[in-house]
Structure formats: structure tokens, C-alpha cells
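Q: Dropping the structure in here first, questions after.
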Amino acid sequence: MLRTVLNGVTMKNPVIAASGTFGFGREYNQFFDISRLGGISTKGLTLEERFGNEGERVYETPSGLINSIGLQNPGVDAFIREDLPFLRQKDTVVIANLGGSTIESYLEGVEKLNETDVDIIELNISCPNVKHGGMALGIKCDIAYEAVKQVRAICKKPLMVKLSPNAENIVEMALRCEEAGADSLSLVNTFQAMAIDIYKRKPVFQNVFAGLSGPAIFPIALRMVYQVCGAVKIPVVGLGGIAGWQDAAAFLMAGATAVQVGTANFIKPDICLDIIDGLEQFLKDQGCRSVGEIIGAARG
């Protein structure tokens, strides 16, 4: 009933653990069998190991979470050597989320992942680009287009591009990534935000600005997914503030093929199972034979 196909890859359900909130699955596997998931998007990977940002990294807000982790990760080689074998023991789709600071670092990371058995590569274009004054690749359409085009030329895996909601025009960005060769899109990444410590009279984060996620962003993320689904012909994976099966159903009805669940994992480690079970029961109650019957249902 929940079987989903994304870029030719079959998932048992459309629920994916979002990058940055699920590590490589080991910790969560202590709470439940992660093979129940449709897929797992790995912790954001970079070519080299990164220790992340200094200072405060996480700050709770009403209905949300601001993070400034700084892409802490073991690097692509260590992931391939130490974490991928664990994930491949599980009956779930493995999506390697890849970031970088230059197009060249993306390309080298893709070349390494090409030789593995990851199912999909998710290109995170929200990373600061050192050749463009620290501006994220995903802000300017032309820069994103060039990055995706070059990656597509060498990528042997289905290529999903993760869009930043901070793009100048989210629909134009989606269309340009599709034109550059993306097989699918995932959106949204975190919104740029900040917090101020009123007693210290200074910003909480050393980098001043950081990424807002959680239920607070859900209505805006849903709007963006709805807009993008109406513009592109490739599959879209919706994410941003999902806290229950009802939110997941809304993304699917907006046109998303699948969903990713992020911040809610911190609140309830097995929330994805609640969402999977809730979607299945909802489909039964609605008299649906497959999840495909509700995808795009709100589009008229």
C-alpha cells in the first residue's frame, strides 16, 4: 500500500529520515529496526572530515530548533569504510547526502560515491561556496545550475538536489536544477535565522546566523513544495517541520513523491514509525489501495 518508487529506486514506504537528524542510523537502531524506514538520508558528508562549528550549536525556539552544526562529519572515505557497510545490512534505501565548499570538492565526492552501492546521491547545495564569497550555491540560480550540470555529467547514481528555501526564487531554482540534469529535488532545507542572548547582549551563534527547522517552518515549506511540484516534471521529496502523519500526508497531497522527517526525530526517536503506521491507516480509512492515490490530490 505504501510502496513508493523514487528515480527508479523502490522504497517500502515514502518516509525517509532526513539528513543531519539521523546520523548514520546506528543510534536510532537501538530504539527500533531502521529497516522499517523507506530510506535514510545520511549525515551531510564532505570530501574531508569536518569538526563543525565552535560555540553554541543548537538553540530551541517556539515550535522550532536553530542549529549551527557546521557539517561535522567523518568525511566521505570514512563513511564508505565504516558506516555504509552497517547501513547496507538494513533493508532500506541509502541516500548519501553530499556537501562541499567548491564545485571541485563536490565532483571528487561524487566520484568516490559512484563506486559504492549507495542508492541515491542527495546534493546539498546550501553549503557556503568559498569561490563566491561564502554565498551558498543554492542562492543564485546560475551558480546552482553550473554545479548541478557538472555533477550530473559524472554522477552514476540517481541525483537528488536539495534546495535551500533561502534561494532568491525557489521555483526558478527548481527549474534550473531540473534543466541541469537533476533526477529529483528535495526541499526545503533550513531557513536562515538567528537568536540573541539578551543577558550577554550578543548573538547566540558565533556565525550569527544559523538554520531554523521544526514545526514552525511547516506551512512555508508546504507552500514551497506545492509551488515546485506545479512547475517541474521530476519527482519532489518534501520536508520541513513534519511532526506527524498528517503533515506527511499534506506534503504528499501537495505533489511530493516522498517525505523526509528531521527535527521530530529528536523529540520522539521512533516518530517515523508513527508516521508510517498513521499513513497506512489513513489510506485504509480513505479506501485507497496505494499511496499514489493521494499524491497531488490537493492540486485539483
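Q: How many residues, within the stretch 228-276, are charged (D, E, K, R), free of Cβ contacts under 8 Å to residues at least 60 places away in the same chain and part of a loop (DSSP other than H, G, I, E, B)? Quick ask: steps written out before the conclusion?
A: The initial filter retains those residues of the stretch 228-276 that are charged (D, E, K, R), namely 233, 247, 268, 270, 274.
Adding the requirement that they be free of Cβ contacts under 8 Å to residues at least 60 places away in the same chain leaves 233, 247, 268, 274.
Pick out the ones that are also part of a loop (DSSP other than H, G, I, E, B) and you get 233, 268.
Number satisfying all stated conditions: 2.
Q: Those residues that are closer than 23 Å to GLU111 by Cβ, charged (D, E, K, R) and modelled with pLDDT of 95 or more, I need them from the stretch 50-87; list them, please.
A: ASP77, ARG81, GLU82, ASP83
Q: Go over the candidates GLU178, GLU172, GLU168 one by one and state the one that is open to solvent by 40 Å² or more (accessible area, probe 1.4 Å), in contact with a Lys or Arg (Cβ under 8 Å, 6 or more places away or on another chain) and not in a loop (DSSP other than H, G, I, E, B).
A: On the way: GLU172 fails: in contact with a Lys or Arg (Cβ under 8 Å, 6 or more places away or on another chain); GLU168 fails: not in a loop (DSSP other than H, G, I, E, B).
Testing whether each residue is open to solvent by 40 Å² or more (accessible area, probe 1.4 Å), in contact with a Lys or Arg (Cβ under 8 Å, 6 or more places away or on another chain) and not in a loop (DSSP other than H, G, I, E, B) leaves just GLU178.
Q: Moving to a separate point now. Looking only at residues that are touching a residue at least 60 places away in the same chain (Cβ under 8 Å) and of a type in the set (Phe, Trp, Tyr) in the stretch 25-74, which one is farthest from ALA248 (Cα to Cα)?
A: TYR59
Q: Select from the stretch 145-165 the residues that are open to solvent by 40 Å² or more (accessible area, probe 1.4 Å), in contact (Cβ under 8 Å) with a residue 40 or more places away in the chain and of a type in the set (A, V, I, L, M, F, W, C) and list them in ascending order.
A: ILE154
Q: Quick one: count up the residues across the stretch 253-296 that are open to solvent by 60 Å² or more (accessible area, probe 1.4 Å) and in contact with a Leu (Cβ under 9 Å, 6 or more places away or on another chain).
A: The qualifying residues number 4.
Q: Here is a further query. Step by step: first the residues of the stretch 181-227, then only those that are of a type in the set (A, V, I, L, M, F, W, C) and in a loop (DSSP other than H, G, I, E, B), then the one that is nearest to ILE242 (Cα to Cα). Which residue is that?
A: We begin by selecting, within the stretch 181-227, every residue of a type in the set (A, V, I, L, M, F, W, C); these are 182, 185, 187-188, 191, 193-196, 198, 204-205, 208-210, 212, 216-218, 220-222, 224-225.
Okay, now just the ones that are also in a loop (DSSP other than H, G, I, E, B), so 182, 188, 195, 198, 204-205, 208.
Numbers: ALA182: 24, VAL188: 11, ALA195: 22, ILE198: 30, VAL204: 26, PHE205: 25, VAL208: 26 Å.
Ranking the qualifying residues of the stretch 181-227, first place goes to VAL188.
Q: Can you go through ILE125, ILE154, ILE198, ILE143 and tell me which one is more than 16 Å from GLY238 (Cβ to Cβ) and in contact with a His (Cβ under 7 Å, 6 or more places away or on another chain)? I'd like the intermediate steps shown before the answer.
A: Values: ILE125 fails: in contact with a His (Cβ under 7 Å, 6 or more places away or on another chain); ILE154 fails: in contact with a His (Cβ under 7 Å, 6 or more places away or on another chain); ILE198 fails: in contact with a His (Cβ under 7 Å, 6 or more places away or on another chain).
It is ILE143.
Q: What's the total number of residues in the stretch 6-38 that are in contact with a Pro (Cβ under 9 Å, 6 or more places away or on another chain) and closer than 21 Å to PRO235 by Cβ?
A: Residues meeting the conditions: 5.
Q: Starting from the stretch 191-206, take each residue that is closer than 20 Å to ILE217 by Cβ and β-branched (Val, Ile, Thr) and list its partners that are open to solvent by 100 Å² or more (accessible area, probe 1.4 Å) and not in a strand (DSSP E or B), counting only C-beta distances under 7 angstrom and pairs at least six apart or across chains.
A: Sorted first by the residue in the stretch 191-206, then by its partner, the pairs are VAL204/GLU56.
Q: Criterion first (at pLDDT 95 or above, of a type outside the set (Val, Ile, Thr), open to solvent by 10 Å² or more (accessible area, probe 1.4 Å) and over 22 Å from GLU115 (Cβ atoms)) does SER35 satisfy it?
A: yes
Q: Another question, then. Quick check on this structure: which one of SER126, SER105, SER101 is modelled with pLDDT under 95, under 13 Å from LEU45 (Cβ atoms) and open to solvent by 30 Å² or more (accessible area, probe 1.4 Å)? Break it down into steps so the answer makes sense when it comes.
A: Working: SER126 fails: under 13 Å from LEU45 (Cβ atoms); SER105 fails: open to solvent by 30 Å² or more (accessible area, probe 1.4 Å).
One residue alone meets the criteria, SER101.
The values are calculated or read from the model by the stated rules, or taken from the named source; none is laboratory data. None of the values given here were measured: they were computed from a predicted structure. Quick reminder, even Gly has a Cβ in these numbers, built from the backbone with ideal geometry, and neighbours come from all protein chains shown. The area values use the complete protein model at the heavy-atom level, side chains included, leaving out ligands, DNA and RNA. Shrake-Rupley method; radii C 1.70, N 1.55, O 1.52, S 1.80 Å.
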